[in-house]
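Beneath this line is the structure, given in structure tokens, with notes to follow.
What follows draws every value from the coordinates through simple rules; no lab data is involved. What you see is a predicted model, and the numbers here were worked out from it, not measured in a lab. Virtual Cβ from ideal backbone geometry, glycine too; neighbours counted across all protein chains shown.
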Amino acid sequence: MRTFLTLDKDDRPRPDGLERDTYPAVLVETFLREYTVSGEIVLDPFAGFGTTLDVASKMGRRSIGIEFLDDRANFIAGRTGPDATLIHGDSRRIDELGLPAVDFVITSPPYMCRNDPQDPLQGYTVPGDGYEAYLAGLTDIFRRLRSVLKPERRAVVNVSNINRYDGLTTLAWDVARAISQVMTFEGEVVIGWTDDDHSFNYDHEYCLVFSNL
């Protein structure tokens, strides 16, 4: 697979005012074509608004999504097909949810900047313990995820660095470092977007590729 891809964002309907909380279907399609075949099971541990489940179903894959927040879980439940399973639960306990062995993982975890007060891994609903605790939480989630993902299969994590009013958070680099403690980091695929929406003040994002070796 090429390590730099230029993609067009799709016009899929999104919840009003929440465009930046979804990733485009074309991104999921690209990686499902590369790493999966029809009938395999795809897992998204941070399901958000169900993009992964929706795309996987349309491509003939079975899919499982885990979503912490009530409103997002309700949104997903209204759009999933028969080959998709939604679990309204906590990915921090992913190894306790009775999941089958999965063939591929693709997700975009909830983002955090260094100065943010809330805990993204609990849906920004409670105060957090800081940026390093958030990264440690991601490390633990992917450590647990290894018991669910089949050996030698891959997990792709979509993430961006964030440059905002209070400075730069090197989120992509830090997430790569965190997950690399428990999974094998194979490298990154840079995604360049052709539209004018420079989310997080960048016109590109990263898909970090890990393997369960």
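With each label modelled as a point 7 angstrom along the Cα→C-beta vector, the K150-R177 pair spans 3.4 nm. Taking one equal scatterer on every alpha-carbon of the chain, how large is log10 of I(q)/I(0) by Debye at q = 0.11, 0.13, 0.14 1/Å? The Debye formula, applied to the Cα set alone, gives -0.48, -0.69, -0.82. Across the range 106-117, computed HN-Hα scalar couplings (Karplus, 6.51 cos²θ - 1.76 cosθ + 1.60, θ = phi - 60°) run 9, 7, 10, x, x, 7, 9, 9, 4, 9, 6, x Hz from first to last residue, x flagging Gly and Pro.
Tell me what the chain gives for mean residue ellipticity at 222 nm when only DSSP H runs of n ≥ 4 count, each as -39,500 (n - 2.57), the sum divided by the residue total, rounded to 500 deg cm²/dmol.
Details: 5 runs with 52 residues, N = 213.
After summing the helix terms and dividing by residue count, I get -7500 deg cm²/dmol.
Rounded to the nearest 20, the Cβ-based charge dipole of the chain about its Cα centre (Lys and Arg +1, Asp and Glu -1) stands at 660 debye. How many angstrom lie between the C-alpha centres of the range 59-76 and the range 25-41? Using only Cα atoms, the two centres lie 16 Å from each other.
Here the calculated FRET efficiency for L213 and D166, from their Cβ-Cβ distance with R0 = 45 Å, stands at 0.75, rounded to the nearest 0.05. Placing a label point 7 Å from the Cα of D70 along the Cα-to-Cβ direction, the residues of the range 100-125 with a backbone N closer than 20 Å are 119-125. Measuring nothing but how far apart in sequence close Cα pairs (under 8 Å, 6+ apart) lie, relative to its length, the chain scores a relative contact order of 20 percent. With neighbours defined as other Cβ atoms within 10 Å of a residue's Cβ, the residues V42, V126 order from fewest to most as V126, V42. Residue exposure proxy: I106, I141, ordered by other Cβ atoms within 10 angstrom of their Cβ from fewest to most, comes out as I141, I106. The amide H of T184, built 1.01 Å from its N in the peptide plane, has S211, L213 as neighbours under 5 Å, considering only residues 5 or more places off or on other chains. Remark: spin-label model distance S199-M1 equals 1.7 nm, labels positioned 7 Å along the Cα→Cβ axis. Couplings 3J(HN,Hα) of the range 52-64, computed from phi: 4, 5, 5, 5, 4, 4, 5, 9, x, 9, 7, 9, 10 Hz, in residue order, whole Hz [Karplus 6.51 cos²θ - 1.76 cosθ + 1.60, θ = phi - 60°; x for Gly and Pro]. The charge dipole of the range 137-213, taken about its Cα centre with unit charges on the Cβ atoms of Lys, Arg (+1), Asp and Glu (-1) only, comes to about 660 debye. Only one residue of I106, G130, Y165 has its Cα farthest out toward the positive end of the dipole of the chain, where Lys and Arg carry +1 and Asp and Glu -1 on Cβ, and that residue is I106.
What's the ranking of 54-62, 128-136 by average number of surrounding C-beta atoms within 10 Å, highest first?
Values: 54-62: 19.9, 128-136: 15.4.
Taking the mean over residues of other Cβ atoms within 10 Å, the ranking is 54-62, 128-136.
Computed from the Cβ-Cβ distance with R0 of 22 Å, the FRET efficiency linking E29 to V190 stands at 0.80. What shape does the range 63-105 take by its C-alpha gyration tensor, where a ≥ b ≥ c are the square roots of the eigenvalues and a/c under 1.5 counts as rounded, a/b above b/c as prolate, and the rest as oblate? Taking the square roots of the gyration eigenvalues as a ≥ b ≥ c, the range 63-105 is oblate.
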